């Protein structure tokens with residue numbers, strides 16, 4: 001009996017010692033979708049299995065209030081050890097001193113990943129790319145054929161694109177050439193900027209000192225976009241536009257890989273092809289963003305936090321995530337070579353487009369700049385403002401903002 005008591009006592013002591021020696025890492029992330037959340041949990045479970053000295057406390061955020069919660073947590077000196085950030089938030093939190101410099105941590109394998117430009121602020125790297133995102137042009141091939149084009153034709157110049165949009169729009173008063181977004185916050189500017197960049201327009205000078213959003217190229221881009229909107233546009237929310245496209249009512253829509261997911265899950269019978277955003281003479285540039293993992297500058301568990309980040313972003317775990325979420329753009333170059341991507345022409349179209357994509361400036365004021373740009377586009381499309389006047393006013397506002 002005494003030996004049994006001694007054995008139990010030893011076991012309890014070892015369990016207590018293990019618990020005391022265990023590191024808890026908190027991770028805040030945004031993937032609450034029931035189709036992907038189990039994959040996130042499975043990745044965490046496997047990490048804990050391989051690292052029994054580390055416990056991961058997972059907290060789910062929503063896109064509606066997640067940013068606000070992160071701001072509040074950081075401002076109070078708390079916050080998670082690891083946090084998922086959208087690419088346009090990194091500079092804001094880096095500027096305020098809330099993110100740890102990850103330069104040394106990522107130096108050994110940085111060549112194996114894409115997206116570092118969005119994580120770099122003042123020449124320091126503050127986050128590790130997880131997966132990237134861009135928009136491509138979805139084309140209804142049935143409408144393209146009805147408009148008189150060969151089955152394998154897709155427009156790659158802006159002139160051809162507008163010509164085809166007009167021809168598709170003329171097929172019927174219930175058919176539209178182009179899906180044009182309403183004044184949706186955080187969306188409308190992402191739909192205009194690809195045309196803006198594809199016409200060689202820039203938001204700022206190369207040195208970043210001066211805003212030049214009202215250049216001749218910029219005005220031409222907004223005039224072009226407004227013509228598509230006014231003359232061939234099915235105007236609605238992103239969801240409404242995609243619904244209409246899947247119902248065969250729109251020739252062209254800009255969308256992300258989530259539309260591929262809808263087509264697959266809803267088993268939509270639609271003949272479509274994916275192509276690059278059109279440009280002046282060659283395929284143009286799309287919008288680039290992404291999801292990144294950063295470490296709290298005040299974290300007391302930085303070593304364990306970095307270990308978790310490296311595990312989450314490993315090629316094999318990126319592939320698991322992308323398969324579960326139908327994502328097209330893992331940041332890992334090795335993951336992109338997996339047959340899941342290499343043998344799927346639609347996913348390959350996204351990988352090609354991400355190489356011809358531009359991300360907004362890594363600027364702590366970007367949230368405010370984004371709002372100014374959206375207001376200018378809204379004024380030109382839905383208000384009384386002329387494209388040149390709307391962009392001139394936006395340039396003045398952005399210039400004054402950067403002077404503060």
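The values are calculated or read from the model by the stated rules, or taken from the named source; none is laboratory data. None of the values given here were measured: they were computed from a predicted structure. In this analysis, Cβ positions are derived from the backbone assuming ideal geometry, glycine residues included, and neighbour counts consider all displayed protein chains.
Between 294, 376, 380, which is at pLDDT 95 or above and under 21 Å from the mean Cα position of the chain (by Cα)?
294
Yes or no: residue 232 under 23 Å from residue 142 (Cβ atoms), assigned by TED's automatic domain parsing to the domain that holds residue 384 and either in contact with a strand residue (DSSP E or B) (Cβ under 9 Å, 6 or more places away or on another chain) or without any contact (Cβ under 8 Å) to a residue 40 or more places away in the chain (or both)?
For residue 232, the condition - under 23 Å from residue 142 (Cβ atoms), assigned by TED's automatic domain parsing to the domain that holds residue 384 and either in contact with a strand residue (DSSP E or B) (Cβ under 9 Å, 6 or more places away or on another chain) or without any contact (Cβ under 8 Å) to a residue 40 or more places away in the chain (or both) - is met.
Considering 151, 140, which residue is farther than 15 Å from residue 290 by Cβ, free of Cβ contacts under 8 Å to residues at least 12 places away in the same chain and in the same structural domain as residue 178 (by TED's automatic domain parsing)?
Values: 140 fails: free of Cβ contacts under 8 Å to residues at least 12 places away in the same chain.
Unique residue meeting the criteria: 151.
Can you name every residue in region 233-252 that is within 21 Å of residue 146 (Cβ to Cβ) and outside any strand (DSSP E or B)? Spell out how you get there, then give the answer.
The initial filter retains those residues of region 233-252 that are within 21 Å of residue 146 (Cβ to Cβ), namely 233-234, 241-252.
Across region 233-252, the qualifying residues are 241, 242, 243, 244, 245, 246, 247, 248, 249.
Output the number of residues of region 122-155 satisfying the condition of being outside any helix (DSSP H, G or I) and touching a strand residue (DSSP E or B) at 6+ places or on another chain (Cβ under 7 Å). Don't jump to the end; show me each part of the working.
Taking region 122-155 and keeping what is outside any helix (DSSP H, G or I), we get 122-140, 147-155.
Adding the requirement that they be touching a strand residue (DSSP E or B) at 6+ places or on another chain (Cβ under 7 Å) leaves 126-140, 154.
Final tally of qualifying residues: 16.
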Open item on the list: Looking at residue 154 and the list (1) buried (at least 16 other Cβ atoms within 10 Å of the Cβ); (2) within 26 Å of residue 355 (Cα to Cα); (3) at pLDDT 95 or above, which single condition is not satisfied?
Closed with: (3)
Task: Of the criteria (1) farther than 24 Å from residue 143 by Cβ; (2) outside any strand (DSSP E or B); (3) in contact with a strand residue (DSSP E or B) (Cβ under 8 Å, 6 or more places away or on another chain), which one residue 300 fails - done: (3)
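Would you please name the residue that is nearest to residue 254 (Cα to Cα), looking only at residues in region 165-177 that are in contact with a strand residue (DSSP E or B) (Cβ under 7 Å, 6 or more places away or on another chain) and assigned to a helix (DSSP H, G or I)?
Taking region 165-177 and keeping what is in contact with a strand residue (DSSP E or B) (Cβ under 7 Å, 6 or more places away or on another chain), we get 165-166, 168-169, 176-177.
Narrowing further to those that are assigned to a helix (DSSP H, G or I): 165-166, 168-169.
On the way: 165: 13, 166: 17, 168: 16, 169: 16 Å.
Checked region 165-177; the qualifying residue nearest to residue 254 (Cα to Cα) is 165.
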TODO: Please state which of the following conditions residue 93 fails to meet, knowing it meets all the rest: (1) within 24 Å of residue 351 (Cα to Cα); (2) touching a residue at least 24 places away in the same chain (Cβ under 8 Å).
DONE: (1)
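Quick one: would you say residue 335 is in a helix (DSSP H, G or I), over 19 Å from the mean Cα position of the chain (by Cα) and crowded, with 21+ Cβ neighbours inside 10 Å? Before the answer, list the steps.
Working: in a helix (DSSP H, G or I): yes; over 19 Å from the mean Cα position of the chain (by Cα): no; crowded, with 21+ Cβ neighbours inside 10 Å: yes.
So residue 335 fails the test.
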Open item on the list: I need the full set of residues from region 347-361 which are surrounded by 18 or more Cβ atoms within 10 Å (Cβ to Cβ) and assigned to a helix (DSSP H, G or I), in order please.
Closed with: 347, 349, 350, 351, 353, 354
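Got a number for residues in region 355-381 being under 17 Å from residue 227 (Cα atoms) and out of contact with any helix residue (DSSP H, G or I) (no Cβ under 9 Å at 6 or more places or on another chain)?
Summing the residues that are under 17 Å from residue 227 (Cα atoms) and out of contact with any helix residue (DSSP H, G or I) (no Cβ under 9 Å at 6 or more places or on another chain) in region 355-381 gives 0.
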Open item on the list: Just the residues that are buried (at least 22 other Cβ atoms within 10 Å of the Cβ) and either assigned to a helix (DSSP H, G or I) or over 20 Å from the mean Cα position of the chain (by Cα) (or both), please, taken from region 107-121.
Closed with: 118, 119
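Look through 177, 117 and report the one residue that is touching a residue at least 60 places away in the same chain (Cβ under 8 Å) and over 23 Å from residue 291 (Cα atoms). Let's see the steps before the verdict.
Details: 117 fails: over 23 Å from residue 291 (Cα atoms).
Exactly one of 177, 117 is touching a residue at least 60 places away in the same chain (Cβ under 8 Å) and over 23 Å from residue 291 (Cα atoms), namely 177.
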